1. Want the number for residue 326 to residue 135: 0.36 nm per residue separation, take away the alpha-carbon distance, what's left?
2. Please report the antiparallel percentage of the DSSP beta bridges confined to the chain, to the nearest 5.
3. Over all distinct Cα pairs, what is the inverse of the mean 1/r for region 512-632, reported as the Kirkwood hydrodynamic radius in Å?
4. Give, in nm to one decimal, the length gained when the segment between residue 214 and residue 481 is fully stretched (0.36 nm per residue of separation minus the Cα-Cα distance).
5. Return 165, 50 ranked ascending by Cβ neighbour count within 10 Å, so the fewest neighbours appear first.
6. For a quick check of your reading of the filter: which GluC sites (Glu not before Pro) in region 1-83 sit in a DSSP loop and have no more than 11 other Cβ atoms within 10 Å?
7. Quick one: order 85, 172 by neighbouring beta-carbon count within 10 Å, fewest to most.
8. Summing Lys, Arg as +1 and Asp, Glu as -1, what charge do residues with Cβ under 15 Å from the Cβ of residue 603 carry, residue 603 excluded?
Amino acid sequence: MTRSPLRVLLAQLPVPNNPALNTPLAAGYLKAYAEAHGLGERVVIDILPRAIADDAGDAALAAEIVERAPDLLGLSLYTWNSERSLEVARRVRLRLPTMIVVVGGPEVQADNPWVLAHPAVSVAVIGEGEQIFAELLVWAETALPGIPFDRFKRAMCGEGQLPLRDLAVVPSPYLAGHLELPPDGMLMVEISRWCPYTCSFCLYGRNMGPRLGSRYFSLERVLAEVAWGRERGVRRIHFVEANLNLLPIFWPLMRALAELNADRQISFYAELRGEHLSAAAVAALDAANVRVVEVGLQTANPAALRATSRRTDLAKWAAGTRRLYAAGIEVFLDVILGLPEDDVAGVAATLTFIAGESLGPYDIFMLQGLPGTAVRREAAQRGMTFQDRPPYYVLGTDRLPYAELRRLRRELKLGAGIDPDAVEGVPGPRADALSGKRRATDDERYIRHLRIEGEFVAERSSFVDSLATHVDVILPAERLAQAAPLLAGWVAANPSTLFDVYLEVADEPPGADALRGWRAGLPYTPGYLDRAAVYAADQPAPAHVRVSPRLWLVLPWVVQVEPDDYAGVAGVIWRYELEAGQVPPLGAWRTAGGAGVALSFADGWDDVGRAAALANAEAWATEQGRRIFAVS
Ligand code: SF4
């Protein structure tokens with residue numbers, strides 16, 4: 001018995017603080033490959049539109065999938081979306097019990113039991129997905145009806161399967177029209193699936209082997225995708241590629257891009273191998289308008305390099321990287337803390353190397369024990385502990401206990417001019433959250449902003465299925481207790497949504513303990529962002545720190561409050577009205593402390609003066625690590 005056509009829905013959920021990057025490239029490949037292999041007539045494959053995938057809260061997302069009622073839901077799982085995707089799938093399956101859930105992506109590995117054993121998962125695909133997914137569709141087409149779902153539960157496939165020998169068999173999902181244009185005009189273009197290195201903390205190099213073979217797309221194909229984006233006004237292209245300058249098509253590609261992109265409409269982002277950057281290679285990158293590059297580093301400690309099987313010729317790498325700086329190309333230079341065999345002296349040696357070679361700035365990352373990597377397999381032997389769920393941050397090594405890692409992270413972030421209290425991947429508060437004039441924009445399909453006034457509890461509870469992934473809630477501080485059941489309902493239905501709750505204080509602010517108690521009374525299921533925040537805690541257990549809801553006290557400037565009294569529970573925002581012509585009192589704001597200033601302008605300002613005062617205030621805020629919120 002067959003059901004025809006089989007309905008398939010593919011979805012990829014975004015990085016929480018950067019949904020614009022969420023191009024579902026893998027879904028596009030799966031669809032393009034399946035259709036090129038004759039399945040297009042028998043199977044309807046849809047990719048969840050970005051307007052839904054990138055912005056819908058958990059409840060809205062589940063409702064959208066249920067409405068589409070696919071026979072098979074395919075999910076691309078990455079560290080930043082795996083828990084959320086699987087929880088949403090679990091909820092959908094409660095309403096569509098015969099739906100098959102197929103998961104793939106870097107999170108699906110034989111050593112990642114929480115994914116493989118998740119109740120939402122029917123089939124877990126390990127490794128490259130195109131071939132196995134096409135086979136699965138044939139199987140699902142005939143096997144689905146009449147066979148109890150549990151027969152397929154937690155089947156695992158793909159492990160040991162050989163990767164595609166020749167990428168030419170995968171048509172371009174852009175040219176085939178399967179992918180939408182990204183909202184911010186940034187295109188992801190994959191060039192190869194290969195890295196000859198085998199750094200023990202990285203999944204990418206694993207099993208790719210030293211030989212490239214035909215695991216790269218042709219020059220014509222890459223240029224056709226670039227041209228496709230150019231014709232549609234794309235401004236940025238991110239090459240999905242680990243070592244652009246090692247590819248055999250590097251030189252012809254750079255020459256062709258210099259010609260195709262002579263007006264520099266597009267700026268390119270690429271990952272490069274620093275040791276192989278001759279003056280000519282850097283000139284070619286510059287001519288093509290490659291403006292931002294990543295060259296790695298991670299460590300300059302020889303013991304850590306050896307322990308991670310990372311082959312870096314430091315002197316050659318530094319010389320190549322300096323050429324990039326000289327050409328005015330922006331360089332992302334990363335340092336990883338917590339690597340095997342690294343210690344305080346080793347980290348100091350890395351920083352000394354960066355300074356001595358006149359490199360930098362750099363960013364600090366914490367080691368992740370990613371599924372499928374050697375560093376994860378060697379954890380016990382090296383005395384390393386990692387979080388058991390994403391982002392799998394290191395919680396201690398035999399040379400750097402948690403307290404030391406945390407101290408180093410803070411010190412190095414401060415040294416690099418990075419806010420050590422900012423949690424990686426967490427969206428910042430919106431600058432217009434307090435604006436009375438804020439209006440929903442055309443792309444706001446889901447509710448991002450709620451101002452609660454008057455009687456509200458009953459009617460607002462129905463918003464639960466319409467909330468976005470990041471919601472501002474503004475309410476009078478005295479209504480806090482009354483709002484608790486409402487917020488509890490929203491949070492329970494949308495555990496991944498980041499709620500920013502702004503409490504507008506008329507005169508007397510609530511105490512820190514009252515706020516702490518109120519927040520603790522709301523439902524809480526630790527997720528990705530909470531684990532990303534772990535280093536805010538002075539102990540490694542329980543390996544997560546609650547991020548949402550974030551509380552903000554919005555206070556009249558004249559109220560006497562010490563922001564430090566609210567540390568860890570609420571940020572203080574001062575409401576300040578600038579008189580016409582008044583210079584922003586930056587010194588007084590600095591002394592008052594707090595998270596930022598909600599700035600309004602009294603009558604009498606002209607547009608030019610107002611813009612200048614605002615720019616002055618914003619420059620101060622950036623320098624101070626605070627925020628200016630627009631009030632009107
Ligand atoms: S870290 Fe970079 S060089 Fe090392 S294996 Fe991964 S992709 Fe290759």
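1. Values: separation 191, 0.36 × 191 = 68.76 nm, distance 5.04 nm.
Full-extension gain reported as 63.7 nm.
2. Of those bridges, close to 5 percent are antiparallel.
3. Details: mean 1/r = 0.0613 Å⁻¹.
For region 512-632, inverting the mean 1/r across all distinct Cα pairs yields 16.3 Å.
4. Working: separation 267, 0.36 × 267 = 96.12 nm, distance 6.29 nm.
Fully extending the segment from residue 214 to residue 481 adds 89.8 nm.
5. Details: 165 10, 50 21.
The fewest-first ordering by Cβ neighbours comes to 165, 50.
6. Details: sites: 35, 41, 64, 67, 83; in loops: 41.
Passing both the DSSP loop test and the Cβ count: 41.
7. 172, 85
8. Charge balance in the 15 Å sphere: -3.
Here, each number is a calculation from the coordinates, and none is a lab measurement. These numbers come from a predicted model, not from an experiment. For neighbour counting, all protein chains shown are included, and Cβ atoms are generated from backbone atoms with ideal geometry for every residue, glycine included.
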